[in-house]
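Peer 1: Pasting in a structure now, in structure tokens, and then I'll have a few things to ask.
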Amino acid sequence: MPNFDDFKLAIEAMSGGKNTVLFDDLEMPSVVVPFVKALNSDLIDGGSANVHPAFSVDGVEKNVMYVSKFQNIVLNDRAYSLPMRDPRTSVNFDQAVTYCRNKGKGWGLMPYSLWCAIALWCRKNGTMPRGNNNWGKDHAYPHEKGVPCTFESVNAASHPGEPAHCLTGSGPATWYHNWMPDGIADLNGNVWEWCAGMRLMNGEIQIIPYANCMAQDASMGASSTLWKAIKADGTLVEPGTAGTLKWDWISSKLQLTNGSVTYTTDQGNGCQYKDMTLASGLTAPEIAKILLLYPDEPGGDYGGDNHYANLTGERVPLCGGSWYYASNAGVFCVNLSCTRSYSDSPVGFRSAFCEL
């Protein structure tokens, strides 16, 4: 079995200890970024002193969650975070979950709650990451480019031969979550990333609470009993309970409501996250704001990022955008238009780890 101890020492030395290497059940390495526990008040103005739900698994608070520094590749049916690789794509949700859990205890697909904590941290700290969202470059900063590794096929008619995927971590520092090379790479564009523990079911917002989806026995199947809906006061209840939070389409915008979903056309729609509306008489609970269900600053600057949704059936989140989403891509870009079986060349994933 290869020994990667020198690789680990090099990564830690080059990052000043802000990155490390974790080994899976095959003693194979993944480069990770320790993301330290944050309070809601650390992430949104007016937030409570409660710990953000991303840092709790099965009732145990976590001081740190380890995030794959890079979008993942797959070797031996296991997910790996390594630099300068072509990220694995054309993978559906359940495959992504399996590739992550195959690595052993503590490994799982990036929890949606953790993605939200990272996005809010970036905005709060003024480091909204840029990335490969315009055929190998950033749409607003075209001099910022990654190293291309695949070329355009999805939009081949309009962009023949232009870059699609870039090698993981190959962009400049502004393509990392903290605008430093020791940050988390490629959260804006390149390829969409499946996230775990959240879904829409006929427009009803459902979660597997906190980061409980990281538990090895946590079922995220369509019929799992772990899914919970959210009441207007923020409490968690059984799906289908009256008065739970839902998304609806009103006047070409997503609306957070606790009433009935009126828009049921079988298609996905998008609007800027900042432009989401609130149903009359409803006050958005804190949990909605910290899970990117409704902006904590309506009308604020969220980088032009879009939310998308299809309000029919089960829809599982893809986050971040891809190489052709331009200003709509970014850490606040959430796509709930796809079923768990969806698989395509712009769709990848990222694993995470926590001590269990």
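The values are calculated or read from the model by the stated rules, or taken from the named source; none is laboratory data. None of the values given here were measured: they were computed from a predicted structure. Here the Cβ positions follow ideal geometry from the backbone for every residue, glycine too, while neighbour counts run over all protein chains shown. These accessible areas exclude ligands, DNA and RNA; they are computed on the full protein's heavy atoms, side chains included. Shrake-Rupley method; radii C 1.70, N 1.55, O 1.52, S 1.80 Å.
Peer 1: Taking all protein chains as present, what is the carbon and sulfur share of the accessible area of segment 259-356, in % to the nearest whole number, probe 1.4 Å? The partial results should precede the final answer.
Peer 2: Working: 1430 of 3230 Å².
Carbon and sulfur atoms account for 44 percent of the accessible area of segment 259-356.
Peer 1: Given the DSSP H assignment, sum -39500 (n - 2.57) over each helix run of at least 4 residues in the chain and divide by its residue total; what's the result at 222 nm in deg cm²/dmol, nearest 500? If you can, show how the numbers build up before the last one.
Peer 2: On the way: 5 runs with 41 residues, N = 356.
It lands at -3000 deg cm²/dmol.
Peer 1: Further question on the same structure: Hey, could you get me the Stokes-Einstein D for segment 130-225, Kirkwood radius over alpha-carbon pairs, 20 °C and 1.002 mPa s, rounded to whole µm² s⁻¹? Show your work: numbers first, answer last.
Peer 2: On the way: Rh = 15.6 Å.
Result for D is 137 µm²/s.
Peer 1: Taking Kirkwood radius over Cα pairs in Å as the quantity of interest, determine which of (1) 21.6; (2) 23.8; (3) 20.1 was computed from the displayed structure.
Peer 2: (3)
Peer 1: Still on this structure, I have one more. Count the net charge of all other residues whose Cβ sits under 9 Å from the Cβ of Met220, scoring Lys and Arg as +1 and Asp and Glu as -1.
Peer 2: Working: positive: Arg199, Arg340; negative: Asp94.
My count for the surroundings of Met220 gives +1.
Peer 1: How do 19-32, 90-103 rank on mean C-beta neighbours within 10 Å, highest first? Kindly include the intermediate steps, with their values, before the conclusion.
Peer 2: Numbers: 19-32: 17.9, 90-103: 20.5.
Ranked from most to least packed, the peptides come out as 90-103, 19-32.
Peer 1: Right, here's the next one. Efficiency by 1/(1 + (r/R0)^6): what FRET value for Asp301 and Lys18, r their Cβ-Cβ distance, R0 = 25 Å, to the nearest 0.05? List each step's numbers first, then the result.
Peer 2: On the way: r = 27 Å, r/R0 = 1.08.
Step by step, r from the Cβ atoms, then E = 0.40.
Peer 1: Would you please put 271-280, 168-177 in order of how densely packed they are, using the mean number of other Cβ atoms within 10 angstrom per residue and starting with the highest? Walk me through the numbers on the way to the answer.
Peer 2: Details: 271-280: 17.4, 168-177: 22.7.
Highest-to-lowest ranking by the protection proxy: 168-177, 271-280.
Peer 1: Which entries of Lys8/Lys105; Lys62/Lys246; Lys37/Lys289; Lys69/Lys124; Lys124/Lys145 show an alpha-carbon separation above 22 angstrom in the structure shown?
Peer 2: Details: Lys8/Lys105 20 Å; Lys62/Lys246 29 Å; Lys37/Lys289 18 Å; Lys69/Lys124 20 Å; Lys124/Lys145 25 Å.
Listed pairs above 22 Å: Lys62/Lys246; Lys124/Lys145.
Peer 1: Sticking with this one: Ordering Val331, Val237 by how much accessible area each has at a 1.4 Å probe, largest first, what is the list?
Peer 2: Values: Val331 5, Val237 30 Å².
Greatest to least solvent exposure: Val237, Val331.
Peer 1: Hydropathy first: keep DSSP H helices in the chain averaging at least 0.0 on Kyte-Doolittle, then drop any whose Cα extent along the axis falls short of 15 Å, and list what survives.
Peer 2: Details: long enough: 112-124 (18 Å, 0.65).
Within the chain the helices that satisfy the rule are 112-124.
Peer 1: Roughly how many Å² is the accessible area per residue of segment 210-330, as a whole number, for a 1.4 Å probe? Don't jump to the answer; show the numbers that get you there.
Peer 2: On the way: 4680 Å² over 121 residues.
Value for segment 210-330: 39 Å² per residue.
Peer 1: Counting only heavy atoms of the protein chains, get the accessible area per residue of segment 2-137 (1.4 Å probe) and round it to a whole Å² value. Show your work: numbers first, answer last.
Peer 2: Details: 5270 Å² over 136 residues.
Averaged over the residues of segment 2-137, the accessible area is 39 Å².
Peer 1: If you average 1/r over all unlike Cα pairs in segment 31-75 and invert the result, what Kirkwood radius do you get in angstrom? Can you show the working numbers first?
Peer 2: Numbers: mean 1/r = 0.0838 Å⁻¹.
Averaging 1/r across every pair of different Cα atoms and inverting gives 11.9 Å.
Peer 1: So, with a 1.4 angstrom probe, what is the percent of accessible area on segment 136-253 that is carbon and sulfur? Provide the component values of the computation, followed by the final result.
Peer 2: Details: 2600 of 4510 Å².
Of the solvent-accessible surface of segment 136-253, carbon and sulfur hold 58 percent.
Peer 1: Further question: Provide the packing ranking of 4-11, 209-216, i.e. peptides ordered by the mean count of other C-beta atoms within 10 Å per residue, highest first.
Peer 2: Numbers: 4-11: 13.6, 209-216: 22.0.
Final packing ranking: 209-216, 4-11.
Peer 1: I'd like to know how segment 228-297 sits against the 2.2 N^0.38 Å rule of thumb: what's its Cα Rg over that expected value?
Peer 2: Here the Cα radius of gyration is 1.06 times the empirical estimate.
Peer 1: Based on the Cβ-Cβ distance from Leu236 to Ser343, what FRET efficiency comes out when R0 is 30 Å, to the nearest 0.05? Before the final figure, lay out the partial values.
Peer 2: Values: r = 31 Å, r/R0 = 1.02.
E(calc), rounded to 0.05, equals 0.45.
Peer 1: Same structure, new question: Using θ = phi - 60° and the Karplus curve 6.51 cos²θ - 1.76 cosθ + 1.60, what whole-Hz ³J(HN,Hα) does each residue of segment 68-74 get, with Gly and Pro shown as x?
Peer 2: Once θ is set to phi - 60°, the couplings for segment 68-74 become 3, 5, 10, 4, 8, 9, 10 Hz.
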